[in-house]
Amino acid sequence: LAAGRTLPRLPSSRDSSRAATMADAHKAAGNESFKEGRYAEAAQHFTAAIDLDPGNAVLRSNRSGAFASLGRYADALADAEEAVALQPDWSKGYSRMAAALYGLGRYAESADTFQRGLQVDPSNAQMTQALQDVSAKLAAAQALHEAAAAGDAQAVGATLQSRVHPEGLRQPLDA
């Protein structure tokens with residue numbers, strides 16, 4: 001080394017332990033904010049936790065849920081995709097991804113993603129119900145298309161009134 005120069009300080013195991021503790025604290029604060037309906041604050045806490053622990057799929061999933069609750073479905077999708085990439089054997093990541101796709105109006109992709117999640121966790125009742133809800137949405141869209149193509153205004157009106165956003169897509173955060 002040249003005179004007066006030092007090696008850069010490498011993180012110690014103590015630094016790693018401190019970062020993990022801080023990430024856990026931000027996760028807990030984010031979970032609390034989410035439970036209280038303060039989704040933007042929750043997203044900020046999850047972002048701080050992710051900065052400290054970027055390879056944590058649960059943090060990505062939780063921030064995805066906060067973004068979805070804010071209507072920021074593209075951001076929710078990006079985090080859910082990252083959660084699935086980090087932990088492809090965890091069904092919650094697929095559930096978050098499918099919910100974000102649904103929020104973006106990409107119903108067929110949402111249904112496909114719920115099916116992928118059910119391959120990981122076939123007994124997941126919440127995902128099974130959400131898949132049924134999305135499938136009903138797709139069937140309603142098909143019925144609307146067919147009614148419009150046939151010029152059946154009464155059927156178009158009835159179809160539009162019969163389908164609303166299914167409640168089954170809101171999910172609690174992971175503890």
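Among the residues making up region 25-79, those that are closer than 19 Å to MET97 by Cβ, of a type in the set (A, V, I, L, M, F, W, C) and either in contact with a His (Cβ under 6 Å, 6 or more places away or on another chain) or open to solvent by 50 Å² or more (accessible area, probe 1.4 Å) (or both) are LEU70, ALA74, ALA78. Among the residues of this structure, TYR102 does not count as one that is in contact with a Gly (Cβ under 6 Å, 6 or more places away or on another chain) and part of a helix (DSSP H, G or I).
With respect to the conditions (1) open to solvent by less than 60 Å² (accessible area, probe 1.4 Å); (2) free of Cβ contacts under 8 Å to residues at least 60 places away in the same chain, ALA149 falls short on a single one, namely (1).
Taking the criterion of being over 21 Å from PHE67 (Cα atoms) and either β-branched (Val, Ile, Thr) or open to solvent by 50 Å² or more (accessible area, probe 1.4 Å) (or both), the residues of region 109-134 that qualify are ASP112, GLN115, ARG116, GLN119, VAL120, PRO122, SER123, ALA125, THR128, GLN129, GLN132. Residue pairs, Cβ under 9 Å, 6 or more apart or interchain, first in region 83-96 and of a type in the set (Phe, Trp, Tyr), second at pLDDT 95 or above and not in a helix (DSSP H, G or I). List them. Final answer for the pair search is TRP90/ASP121; TYR94/PRO88; TYR94/ASP121. The set of residues from region 80-90 being closer than 11 Å to ASN56 by Cα and open to solvent by 60 Å² or more (accessible area, probe 1.4 Å) comprises GLU82, ALA85, LEU86, GLN87.
The values are calculated or read from the model by the stated rules, or taken from the named source; none is laboratory data. Worth saying up front: this structure is predicted, and the values here are computed from it rather than measured. Please note: Cβ atoms are built from the backbone with ideal geometry, for glycine as well, and neighbour counts cover all protein chains shown. Each accessible area value is taken on the protein alone, full model and side chains, heavy atoms only, with ligands, DNA and RNA left out. Shrake-Rupley method; radii C 1.70, N 1.55, O 1.52, S 1.80 Å.
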